[in-house]
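Trainee: One structure coming up, written as structure tokens, with questions to follow.
The values are calculated or read from the model by the stated rules, or taken from the named source; none is laboratory data. All values derive from a computational prediction rather than experimental measurement. When we count neighbours, we look across all protein chains shown, and the Cβ atoms used for this are built from the backbone with ideal geometry, even at glycine. Accessible surface areas use protein heavy atoms only, side chains included; no ligands, DNA or RNA. Shrake-Rupley method; radii C 1.70, N 1.55, O 1.52, S 1.80 Å.
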Amino acid sequence: MQQFDIVIVGAGHAGAQAAIALRQRKFAGTIALIGDEPDLPYERPPLSKEYLAQDKPFERILLRPAAFWADKQITVLTGTRIVAIDAEAHRVTTADGAAIGYGTLIWATGGAPRRLSCAGHDLAGVHAVRTRADVDRLMAELPTTQRVVVIGGGYIGLEAAAVLTKLGKPVTLVEALPRVLARVAGEPLSRFYEAEHRARGVDIRLATQVDCIVEAEGRATGVRLADGTVLPGEMVIVGIGIVPAVEPLLAAGAAGGNGVAVDATCRTSLPDVFAIGDCALHANAFADGAAIRLESVQNANDQATVVAKALTGAAEGYAAVPWFWSNQYDLKLQTVGLSTGHDAAVLRGDPATRSFSLVYLRDGRVIALDCVNAVKDYVQGRALVVGGARVAPDRLADAAVPLKEMA
């Protein structure tokens, strides 16, 4: 049986950063980084942007070159899926039955794309956008694809729609809620992005339910809606969120449900087991203390650093301000803070200029900003979010006054 001082399960942003941070902090023990994909750790956000658009080859989205892992004496096990944990014995088991022992386990598996439950969900031509293999399969089918249906109006769906539109494919986007980005943004931002996509030819169907995927000879040929309408499409892209990949942890007795529960230093309820990234259910100060999962590179990297510090004698609680970004067409959206639970939203600037911000407040305090092509607002607004600043809405709305003067 192989034995390591630290075993990291999951080789995405969180897992890779945990290994990197441990070596940066002079951890001298043995480290194994285990991923179920065949590739070395790579960036995920470009999959629905530059990689799908074929603007960046795979080599340019690797988190580190192959030589780095060998140089840092980090054992990277690719194509290896962990299916069970024996917390008492400090051992994990791979899908092919091999056992790997650990002193400390860091669980960083992220999640799997949430699948449709309707008929036809598993047909050829139905795609997710989560891994390099997902996008490679999708790109291989583009030459024979005339029309695309995207199911889900979140960031993944909108980014994929933007890229495929730029590649000349007619796209129909179906969203079950009354607006896109409904779970993460205020209505002005939703309406702005709907207008931008429609102006480029995307057919957006809101408050629309999917009945099934239509089939011919084992392949998808379209999407039937609840009202009987059939949207033709040889390619269907499903972007309806992820399911956290925590089954082995929960089966081993870890507390959790929608993710695995962790404390301020990312420890689970199991001895010597930490969890970080998309799958970690943690109390977040920027969500008013609620237990949430944050699906972002920022969260993955910052929680990885928290664990590395805890394992090298410098423990401190996770308190990073959340931030996100999305690129669609020539629009760069940058978000700081969490707008969930806001009771007021102030528009700063004019969406018609394609450069504006939406400032979210709760109980009179600034809790988040969505900034479209407005980098200064994003940079300066961070201090307002961190400080929970109280600023009069009419002052926030005055784009002539820099946000740094309101901190």
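Trainee: What does the accessible area of residue 107 come to, in Å² to the nearest 10, when a probe of 1.4 Å is used?
Mentor: Spelled out: residue 107, probe radius 1.4 Å, area about 0 Å².
Trainee: About the Cα centre, and with charges only on the beta carbon of Lys, Arg (+1) and Asp, Glu (-1), how big is the dipole of the stretch 271-373? Nearest 20 debye, please.
Mentor: Magnitude of the dipole: close to 200 debye.
Trainee: Residue 24 versus residue 243, label points 7 Å from Cα toward the beta carbon: distance in nm?
Mentor: The two pseudo-label positions are separated by 3.4 nm.
Trainee: If you don't mind, there's one more thing I want to ask. Rounded to the nearest 0.05, what FRET efficiency is calculated for residue 39 and residue 93 with R0 set to 25 Å and r the Cβ-Cβ distance?
Mentor: Between residue 39 and residue 93 the formula returns 0.65.
Trainee: Using Cα springs under 10 Å in a Gaussian network model of the chain, which residue among 350, 263, 36 shows the largest mean-square fluctuation?
Mentor: 350
Trainee: Out of the stretch 96-137, which trypsin sites (Lys or Arg not before Pro) are coil in DSSP terms and have no more than 13 other C-beta atoms within 10 Å?
Mentor: Passing sites in the stretch 96-137 are 115.
Trainee: Sticking with this one: Could you tell me what percent of the accessible area of the stretch 122-260 is made up of carbon and sulfur, with a 1.4 Å probe and every protein chain present?
Mentor: 52 percent
Trainee: Pull out a ≥ b ≥ c, the square roots of the eigenvalues of the alpha-carbon gyration tensor of the stretch 123-259, then state rounded if a/c is under 1.5, prolate if not and a/b is larger than b/c, and oblate in the remaining case.
Mentor: Verdict is oblate for the stretch 123-259.
Trainee: Moving on. State to the nearest 20 debye the size of the charge dipole of the chain about its Cα centre, where the only charges are +1 on K and R beta carbons and -1 on D and E beta carbons.
Mentor: 740 debye
Trainee: Let me ask another. Within the stretch 1-56, what whole-number % of the accessible surface is contributed by carbon and sulfur, with the 1.4 Å probe and all protein chains included in the calculation?
Mentor: Of the solvent-accessible surface of the stretch 1-56, carbon and sulfur hold 46 percent.
Trainee: Evaluate the distance, in nm, between pseudo-label points positioned 7 Å from the Cα of residue 230 and of residue 141 along their respective Cα→Cβ axes.
Mentor: Those two pseudo-labels are separated by 1.7 nm.
Trainee: Of the listed values [x] 28; [y] 21; [z] 32, grab the one calculated as percent of Cα pairs over 35 Å apart from the structure here.
Mentor: Recomputing percent of Cα pairs over 35 Å apart here gives the entry labelled [z].
Trainee: Over the chain, with a Gaussian network built from C-alpha contacts below 10 Å, which listed residue (317, 277, 97) shows the highest mean-square fluctuation?
Mentor: Answer for the Gaussian network model of the chain: 97.
Trainee: Okay, next question. Could you give the nm distance between label points at residue 59 and residue 71, where each point is 7 Å from its Cα heading toward the beta carbon?
Mentor: Placing both labels 7 Å beyond Cα along the Cβ direction yields 1.7 nm.
Trainee: Additional query: How large is the accessible surface per residue of the chain, computed with a 1.4 Å probe and reported in Å² as a whole number?
Mentor: Result: 42 Å² per residue.
Trainee: If you don't mind, another one. According to the square roots a ≥ b ≥ c of the eigenvalues of the Cα gyration tensor, what is the shape class of the stretch 19-101, taking rounded for a/c under 1.5, prolate for a/b larger than b/c otherwise, and oblate for the remainder?
Mentor: Since a/c reaches 1.5 but b/c is at least a/b, the shape of the stretch 19-101 is classed as oblate.
Trainee: How much of residue 240 can a 1.4 Å solvent probe reach, expressed as accessible area in Å² and rounded to 10?
Mentor: Surface open to solvent at residue 240 totals about 60 Å².
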